[in-house]
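The values are calculated or read from the model by the stated rules, or taken from the named source; none is laboratory data. This one's a predicted model, so the numbers in the text were calculated from it and none came from an experiment. So basically every Cβ, Gly included, is an ideal-geometry build from the backbone, and we count neighbours across all protein chains shown.
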Amino acid sequence: MQVLLKRHVGDLHHYNHRKMKKPLLISILLFLAGLGTTIVLLTSGNNLNKTESQKPLVLSMTASVKIPESMFFAGEKITFDRYDKYERMDRELNSFTYFHSTTLLLLKRANRFFPIIEPILKQQGLPDDLKYLMVIESSLDPRAVSPAKAVGLWQFLQSTGKQYGLEVTSEVDERYHIEKSTVAACRYLKDVYGKHGSWSAAALSYNGGQTRITTALREQRAEEALDLWLVEETTRYYYRMLAIKQIFEQPQQYGFILKPADLYKPMEYKKVTVSHSIPDLVTFAQENEITYAQLKDFNSWLRSDKLSNASGKTYTILIPTKESLYYNKREHPKVHNPAWVVN
């Protein structure tokens, strides 16, 4: 009995000893782990600071756009290896690429206006690329007005508009007339091209004026208009056209993803020919089942609330069809250029 009791007491002592030893071992291990972490933190402090300093301050990254080695505009080749040509193209192409809202709007508006403009350029014998001059001039806004009072898609000054056959009065201003102003712009550009023999000179003249470009070519003894020292606006002008052409021809490569439903629909019209006066255009609009605002929207060349027409001149007024006034969710707008969209 005594032997059994001693054995039991011994076993109990051994069990208690083991039970006390286990928490102590755990505590020691935890202490060593904490000490190791502290050493790592102390020895890697510089690396942590370095990592923090290298973290970006914004959540998205902006990459510089690759500039093409060369491109053609209106049949004329331009190479971007010379420092000034490279850097000017770099500025404008990056600007349009990251000026997202403006460039998106240009692509959407082009679907409405390019189908009108392109046939006129072709009929007038001008390179199709010159439509991009109009894009830069007005951002494809038919009612655009510059600080210098140039107006319309092609931004004609009053004197130049009259010189090229556009009527400009208090009631009628054909600088706002899409087709007629386009024909006038074609005539202007052909005149300058005939004088200088290059579309780059014609384009710069459109912005800077014929006299200024002609004088600069003579005084600076330059053979090409792109070699001239000009005011910054005119110098940038040509490269802005190049940049917007580059994006319009391959928008997805520059991050612009549009579906057919995103484009602005081309409008369909009923054409009303008038050779008499219209004393009240509000009444005229109601008689043709549109609002006065819609009448002015699609006939911006009507500059008053009446059309006196004392000379009995014939005008064509566009009346949008009811179907054109609304977007149909079941029917996407007709896509003018398949390169603009993804399906």
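What to note about this one:
- Remark: THR214 matches the filter, which requires a residue to be more than 24 Å from the chain's Cα centre (by Cα) and either assigned by TED's automatic domain parsing to the domain that holds ARG303 or more than 27 Å from TRP301 (Cβ to Cβ) (or both).
- Residue check for ARG240: out of contact with any strand residue (DSSP E or B) (no Cβ under 8 Å at 6 or more places or on another chain), farther than 23 Å from PHE99 by Cβ and of a type in the set (Lys, Arg): no
- Some residue of the stretch 300-308 being farther than 21 Å from VAL168 by Cα and in contact (Cβ under 8 Å) with a residue 60 or more places away in the chain: no
- Check on SER304, in a loop (DSSP other than H, G, I, E, B), among the hydroxyl-bearing types (Ser, Thr, Tyr), out of contact with any Pro (no Cβ under 8 Å at 6 or more places or on another chain) and not assigned by TED's automatic domain parsing to the domain that holds ALA144: yes
- When ARG82, ARG143, ARG112, ARG88 are screened for being within 21 Å of LYS245 (Cα to Cα), charged (D, E, K, R) and exposed (fewer than 14 other Cβ atoms within 10 Å of the Cβ), only ARG82 passes.
- Residue among LYS149, LYS180, LYS195, LYS190 that alone is in contact with a Phe, Trp or Tyr (Cβ under 9 Å, 6 or more places away or on another chain), among the basic types (Lys, Arg) and surrounded by fewer than 22 Cβ atoms within 10 Å (Cβ to Cβ): LYS180
- Residue check, PRO147 part of a loop (DSSP other than H, G, I, E, B), more than 26 Å from SER324 (Cβ to Cβ), within 23 Å of the chain's Cα centre (by Cα) and not aliphatic (A, V, I, L, M): yes
Residues checked against (1) polar (S, T, N, Q); (2) in a helix (DSSP H, G or I); (3) more than 24 Å from LEU258 (Cα to Cα):
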site: LEU93; (1), (2), (3): no, yes, no
site: THR103; (1), (2), (3): yes, yes, no
site: PHE113; (1), (2), (3): no, yes, no
site: LEU121; (1), (2), (3): no, yes, yes
site: GLY125; (1), (2), (3): no, no, yes
site: ASP129; (1), (2), (3): no, yes, no
site: VAL135; (1), (2), (3): no, yes, no
site: LEU140; (1), (2), (3): no, no, no
site: GLY165; (1), (2), (3): no, no, yes
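- Look at (1) touching a Gly at 6+ places or on another chain (Cβ under 9 Å); (2) of a type outside the set (Ser, Thr, Tyr); (3) outside the structural domain of GLY197 (by TED's automatic domain parsing) and you find that HIS100 fails only one, number (3).
- The stretch 215-269, subset part of a helix (DSSP H, G or I) and among the polar types (S, T, N, Q), residue surrounded by the most Cβ atoms within 10 Å (Cβ to Cβ): GLN246
- Scanning the stretch 304-317 for residues that are closer than 15 Å to ILE178 by Cα and either at pLDDT below 95 or surrounded by fewer than 18 Cβ atoms within 10 Å (Cβ to Cβ) (or both) yields one hit, THR316.
- Residues within the stretch 307-343 that are more than 26 Å from the chain's Cα centre (by Cα) and either under 23 Å from GLU118 (Cα atoms) or not in a helix (DSSP H, G or I) (or both), tallied: 17
- Flag if THR182 is in the same structural domain as ALA110 (by TED's automatic domain parsing), more than 18 Å from GLN158 (Cα to Cα) and part of a helix (DSSP H, G or I): no
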